[in-house]
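A.B. asks: For reference, the structure I am asking about is given below.
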Amino acid sequence: MLNRGNGRRFHRVNMPVRYFICPSSPIRDREIYATGNNYFPENTLKLIETKKNLILQSVQKIQTSDHLLKAIFTEMIETIEFFGDCLKAITNGKSPKSDLNYWIQIKSRQEGFKQVAPLEKTSPKTFGYIKAIEQKYLTYFNRMIESIEKSSPSHFFVQGRLPSGFKMDEFLVTFQNPKLQKIPLIQTLLHVSEFMETYLAVYQRINDDNYLKQFPKEWPFKDANVSAGGLAVFMSKGFTLYSKVDAYLYFEAENKLLSFDGTVVGFRSAQNYQERIAINFEFPSGHDQKFLQQEIQKHEVEECMDLPL
């Protein structure tokens with residue numbers, strides 16, 4: 001529910017909608033353009049910590065004599081966390097390129113997981129799994145480096161949507177098979193992959209926020225609680241209470257893009273490590289409100305028509 005303000009004066013309904021929400025003002029005095037979104041809210045930090053702990057628990061179950069594997073997984077965790085530190089810098093408007101020593105470290109990470117090479121002969125299957133994880137990591141990491149190199153304080157460069165459909169994604173599905181839950185090595189590979197995915201998802205959000213705004217037809221349909229006076233949505237990004245945001249809703253059938261000045265009037269933790277963000281529209285135009293109200297009514301009519309007789 002919207003907590004207060006004009007949202008209470010309007011009928012609200014849960015409906016799928018294409019929307020895009022961003023802070024009204026980016027971070028000031030930045031080295032590199034930053035939207036002002038909090039990409040590491042408390043729930044995301046909890047998810048990262050949970051996934052890391054699962055890795056550590058699984059590693060302890062691997063045979064103690066296998067020191068090489070443990071060293072490899074330690075390196076993988078450290079490499080993934082380094083990527084996360086770069087993302088945190090970008091989120092705060094700090095360019096990793098501004099510190100030469102740090103930038104040299106970043107460039108050295110383009111070599112991937114350095115300790116995995118001996119496994120190619122001794123454990124080729126495990127080697128293949130780890131190289132698949134490395135492939136996805138390097139794809140995202142290299143795209144991040146390209147963005148840093150081509151960005152400025154007034155613009156964050158993105159090439160477009162990030163690639164998908166990696167071999168690692170197929171392995172993830174296989175590793176989640178209940179029959180494999182008692183194999184420590186497989187479970188460690190699974191948890192490392194999931195740990196990395198939490199950081200890759202953050203970069204996906206940073207990338208999309210700097211790309212998708214201009215392509216409303218590509219905004220995914222997501223469930224939202226909508227009224228002519230505001231909306232509430234589930235997001236993996238954090239906002240400050242009473243902060244100003246720009247809220248856009250796109251209705252493809254009418255090729256109509258609505259733009260609202262909004263204020264965050266409430267937020268709380270939700271399932272799946274997300275945040276529920278409630279936004280009031282501030283002084284919206286009567287024309288846009290009327291159009292939105294008509295879309296809400298249209299959705300309710302369509303729902304009624306779908307009910308079994």
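The values are calculated or read from the model by the stated rules, or taken from the named source; none is laboratory data. What you see is a predicted model, and the numbers here were worked out from it, not measured in a lab. Note: ideal-geometry Cβ built from the backbone for every residue, glycine included; neighbour counts use all protein chains shown. What goes into the accessible areas is simple: the full protein's heavy atoms, side chains included, and nothing from ligands, DNA or RNA. Shrake-Rupley method; radii C 1.70, N 1.55, O 1.52, S 1.80 Å.
A.B. asks: Got a sec? Which helices (runs of 4 or more DSSP H) wholly within the stretch 81-166 have at least 3 residues that are among the basic types (Lys, Arg)? Break it down stepwise before answering.
C.D. replies: Numbers: elements: 100-108, 119-122, 124-150.
In the stretch 81-166, 124-150 are the helices (runs of 4 or more DSSP H) which contain 3 or more residues that are among the basic types (Lys, Arg).
A.B. asks: Check the stretch 228-235 and report whether any residue there is more than 18 Å from Gly160 (Cα to Cα) and surrounded by fewer than 17 Cβ atoms within 10 Å (Cβ to Cβ).
C.D. replies: The answer is yes, given that some residue of the stretch 228-235 is more than 18 Å from Gly160 (Cα to Cα) and surrounded by fewer than 17 Cβ atoms within 10 Å (Cβ to Cβ).
A.B. asks: Could you please tell me which pairs satisfy a Cβ distance under 6 Å, a separation of 6+ or placement on different chains, a first residue in the stretch 132-154 that is in contact (Cβ under 8 Å) with a residue 12 or more places away in the chain and farther than 15 Å from Tyr203 by Cβ, and a second residue that is assigned to a helix (DSSP H, G or I) and small (Gly, Ala, Ser)?
C.D. replies: Taking only residues 6 or more apart or on different chains, the pairs are Ile133/Ser193.
A.B. asks: Restricting attention to the stretch 241-252, report how many residues are out of contact with any Pro (no Cβ under 9 Å at 6 or more places or on another chain) and exposed (fewer than 15 other Cβ atoms within 10 Å of the Cβ).
C.D. replies: 2
A.B. asks: Sort through Tyr19, Tyr33 and tell me the only one that's modelled with pLDDT of 95 or more, within 19 Å of the chain's Cα centre (by Cα) and in a loop (DSSP other than H, G, I, E, B).
C.D. replies: Selected residue: Tyr33, the only one of Tyr19, Tyr33 that is modelled with pLDDT of 95 or more, within 19 Å of the chain's Cα centre (by Cα) and in a loop (DSSP other than H, G, I, E, B).
A.B. asks: Would you mind stating whether Thr50 is part of a helix (DSSP H, G or I) and open to solvent by 80 Å² or more (accessible area, probe 1.4 Å)?
C.D. replies: In short, no.
A.B. asks: Residue by residue through the stretch 268-306, note down the ones that are under 20 Å from Arg18 (Cα atoms), open to solvent by 50 Å² or more (accessible area, probe 1.4 Å) and under 23 Å from the mean Cα position of the chain (by Cα).
C.D. replies: Matches in the stretch 268-306: Gln274 only.
A.B. asks: Is the stretch 258-267 home to any residue that is open to solvent by 20 Å² or more (accessible area, probe 1.4 Å), over 20 Å from Asn38 (Cα atoms), free of Cβ contacts under 8 Å to residues at least 60 places away in the same chain and out of contact with any Gly (no Cβ under 8 Å at 6 or more places or on another chain)?
C.D. replies: Taking the stretch 258-267 as the starting set, the residues that turn out to be open to solvent by 20 Å² or more (accessible area, probe 1.4 Å) are 259, 261, 267.
Subsequent filtering for residues that are over 20 Å from Asn38 (Cα atoms) retains 259.
Next, from what is left, pick out any that are free of Cβ contacts under 8 Å to residues at least 60 places away in the same chain: 259.
Those still in the list that are out of contact with any Gly (no Cβ under 8 Å at 6 or more places or on another chain) too: 259.
Checked the stretch 258-267: at least one residue is open to solvent by 20 Å² or more (accessible area, probe 1.4 Å), over 20 Å from Asn38 (Cα atoms), free of Cβ contacts under 8 Å to residues at least 60 places away in the same chain and out of contact with any Gly (no Cβ under 8 Å at 6 or more places or on another chain).
A.B. asks: Now for a separate question. Is it true that Asn255 is open to solvent by less than 30 Å² (accessible area, probe 1.4 Å) and polar (S, T, N, Q)? Full working, then the answer.
C.D. replies: Values: open to solvent by less than 30 Å² (accessible area, probe 1.4 Å): no; polar (S, T, N, Q): yes.
Against the criterion (open to solvent by less than 30 Å² (accessible area, probe 1.4 Å) and polar (S, T, N, Q)), Asn255 does not qualify.
A.B. asks: Do we find that Leu231 is outside any strand (DSSP E or B) and over 27 Å from His155 (Cβ atoms) in this structure? Explain how you work it out, then say what you get.
C.D. replies: Numbers: outside any strand (DSSP E or B): no; over 27 Å from His155 (Cβ atoms): yes.
It is false that Leu231 is outside any strand (DSSP E or B) and over 27 Å from His155 (Cβ atoms).
A.B. asks: Sticking with this one: Determine if the stretch 161-170 includes at least one residue that is of a type in the set (Lys, Arg) and buried (at least 19 other Cβ atoms within 10 Å of the Cβ). Walk me through it before giving the result.
C.D. replies: Residues of the stretch 161-170 of a type in the set (Lys, Arg): 161, 167.
Now drop any that are not buried (at least 19 other Cβ atoms within 10 Å of the Cβ), which leaves none.
Taking every residue of the stretch 161-170 in turn, none turns out to be of a type in the set (Lys, Arg) and buried (at least 19 other Cβ atoms within 10 Å of the Cβ).
A.B. asks: Something else now. Select, from Tyr137, Tyr129, the only residue that is open to solvent by 10 Å² or more (accessible area, probe 1.4 Å) and not charged (D, E, K, R).
C.D. replies: Values: Tyr137 fails: open to solvent by 10 Å² or more (accessible area, probe 1.4 Å).
The match here is Tyr129.
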